[in-house]
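One structure below.
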Amino acid sequence: MLARRQVVSVCATATVDEIERTGGTALAVGAELGVDNDVDTLFTGVEAGLAGRPLDILVNNAAAAPAGPLGATTRKEFDHLFAVNVRAPYFIIQRALPLLRDGGRIVTISSVATRMANPAQTSFAMTKGAVETMTMTLANELGVRGITVNAVAPGATRTATNGSFFEAPGLVELIAATTALDRLGGPDDVADVVAFLASDAARWITGQVIDASGGLFLGPRAG
């Protein structure tokens, strides 16, 4: 079984391959967020890859997983969550702004955890609430440059890195039963929303949080 870091590396390589197959150019830059000098490490690779060209789109997608309920979360886990989920995207945006062209796009991944009361995800939901506030305030600040700033809030989404979580008996069925569109989400369900926000078609949308959960926990479903 591959470790999470190995899975992420494999996914990054596959993404680069897919972009190049469709005629684009891409490079993968490895950096661990939430540690000292994380943003410097990231942008050393990014700036080298850009080679003086402007940055068009920034998507903040990396995140640390929920640490657990209030009674079980340690200070170390709490600090790590905020370092990865809040501090990293904030300073990544700060570092990216001189590179980002006027009319560029910033999209940050939030979560439906901000609109639900889930005691097992209190600290995680707090981090996502922070980036949603950041999204609104930065949209107001950066609009004069034509830069749109939005967030996307996925629900339960099976990916290459979390697939084992959904192997618990009955979990997928339970999630589907509480989702308006009656199924578990997949990466493309979220990626397509991000792609829309990054496109010219979304040029008049900014400061918004777009729910991409398939209608998770909207309320009781008709029997």
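Read-outs throughout are calculated quantities, based only on the coordinates presented, and are distinct from any laboratory measurement. Computed from a prediction, not measured in an experiment: that's the story for all the values here. Positions of Cβ are generated from backbone atoms using ideal geometry, with glycine treated the same way; all protein chains shown enter the neighbour counts.
Here are the numbers:
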quantity: Shape metrics for segment 139-223, restricted to C-alpha atoms - Rg then Dmax, Å; calculated: 15.8, 51
quantity: Axial C-alpha extent at least 15 Å, average Kyte-Doolittle at least -0.5 - helices from the chain (DSSP); calculated: 4-21, 38-50, 122-142, 187-198
quantity: Relative compactness, segment 166-213, computed as alpha-carbon Rg over 2.2 N^0.38 Å; calculated: 1.49
quantity: Percentage of interatomic Cα-Cα distances in segment 55-212 larger than 29 Å; calculated: 21 percent
quantity: Built amide H within the under 5 Å cut-off of residue 100, gap 5+; calculated: 55
quantity: Extension gain from residue 15 to residue 192, taking 0.36 nm per residue of separation minus the Cα-Cα distance; calculated: 62.2 nm
quantity: Assigned charges on the beta-carbon of Lys, Arg, Asp, Glu; segment 55-212 dipole about Cα centre (debye); calculated: 480 debye
quantity: Label-point gap, in nm, between residue 141 and residue 37 - each point 7 angstrom along Cα→Cβ; calculated: 2.7 nm
quantity: Span from the segment 40-92 Cα centroid across to the segment 181-218 one, whole angstrom; calculated: 21 Å
quantity: 5 Å binning of all Cα-Cα separations within segment 92-167, expressed as whole percents from 0 upward; calculated: 3, 14, 20, 20, 15, 12, 9, 5, 1, 0
